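Here's the structure, in structure tokens; my notes come after.
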Ligand code: DAH
């Protein structure tokens, strides 16, 4: 039996060493180690071996099995290395690579960057607030009465705990004044949410930019000058602005701003809301802060807010607001 084992070892190692592809290697594994393979068959011969010789032969058989297993593993690695080398040999590192494409900023991001740069030149800092807001920050502090339509569940996304997705970025005015004494001069770009039926001009989530300037003696002239400068930077120096009296709970007086410019067909377009901060807003902030630094007798301010999506649509002549969120590369690559 010892001789048989030695013969089989020689046979197996030679056969495995000669194998040149994976299927033949698998076949060799079955041939020697398989259920009815050569080594298994030989093991069955143990039955005829004298009892006292069994441990010795058992050990020899085990060694054989181990040697064959290692040889199979080594040969498998050799085959893989050969395949790798072949692949590497056909790789020409001097060929030009495939350029993955650099991409571009989303038109809304481009507009936001321009707007932010423009306001920063006028000394406005960027402020931020949470998208999930309290009713107090979204409505009460902004002098918006309980029966105002914006507070209706039909118009606003409420969470079970009573908080809501902010329906405008005016919330950031309150957040900033709560924590920062005057003077404050901030813009707050960010998402706002309304339960609007989605169509060519409405999304349930859109992007707004809010502005707030509070200090001593801030006047309506400051508001007009600031927004005229901004819209002329954006749409060109020949842009006309019209401040149309309007109502917002948090400003008094309030205006809507229409602009008209050659490039956009000389049509008046309504683009923003603005006004002088209502004393009731300052009072709400004072009460929350527990001091009088925003006493409406000593400070005044202006606020404004506009939708960036609407502006982007006008600037880029986009006819359907949904294009801004569909991520269609054929559309986005044009910017
Ligand atoms: N929050 C208003 C809206 O979402 C926009 C607005 C109007 C903001 C007048 C203001 C403002 O700060 O003074 O429709």
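The values are calculated or read from the model by the stated rules, or taken from the named source; none is laboratory data. Source: prediction; values computed, not measured. Counting neighbours? That spans all protein chains shown, and the Cβs are built from the backbone with ideal geometry, glycine included.
Details
- Criterion: in the same structural domain as residue 307 (by TED's automatic domain parsing), closer than 16 Å to residue 299 by Cα and buried (at least 17 other Cβ atoms within 10 Å of the Cβ) - qualifying residue of 251, 239: 251
- Of the residues making up the stretch 139-152, those that are modelled with pLDDT under 90 and closer than 19 Å to residue 191 by Cα are 150, 151.
- Residue within the stretch 277-288 that is within 25 Å of residue 116 (Cβ to Cβ) and part of a strand (DSSP E or B) present: yes
- Within the stretch 181-201, the set of residues being over 21 Å from residue 223 (Cα atoms) and more than 13 Å from the ligand (Cβ to nearest atom) comprises 195, 197, 198, 199, 200, 201.
- Among residues that are assigned by TED's automatic domain parsing to the domain that holds residue 249, more than 16 Å from the ligand (Cβ to nearest atom) and under 24 Å from the mean Cα position of the chain (by Cα), residue 328 is included.
- Filtered residues of the stretch 118-139 (kept if part of a helix (DSSP H, G or I) and more than 17 Å from residue 303 (Cα to Cα)): 121, 135, 136
- Any hit, the stretch 239-255, residues being in a helix (DSSP H, G or I), more than 10 Å from the ligand (Cβ to nearest atom), within 28 Å of residue 191 (Cβ to Cβ) and in contact (Cβ under 8 Å) with a residue 12 or more places away in the chain: no
- Looking at 310, 292, just one residue is at pLDDT below 95, assigned by TED's automatic domain parsing to the domain that holds residue 121 and either in a loop (DSSP other than H, G, I, E, B) or more than 26 Å from residue 184 (Cα to Cα) (or both), and that residue is 310.
- Candidates 293, 299, 281 - the one that is surrounded by fewer than 18 Cβ atoms within 10 Å (Cβ to Cβ) and within 24 Å of residue 136 (Cβ to Cβ): 293
- Residues of the stretch 313-335 that are free of Cβ contacts under 8 Å to residues at least 40 places away in the same chain, in a loop (DSSP other than H, G, I, E, B) and surrounded by 15 or more Cβ atoms within 10 Å (Cβ to Cβ): none at all.
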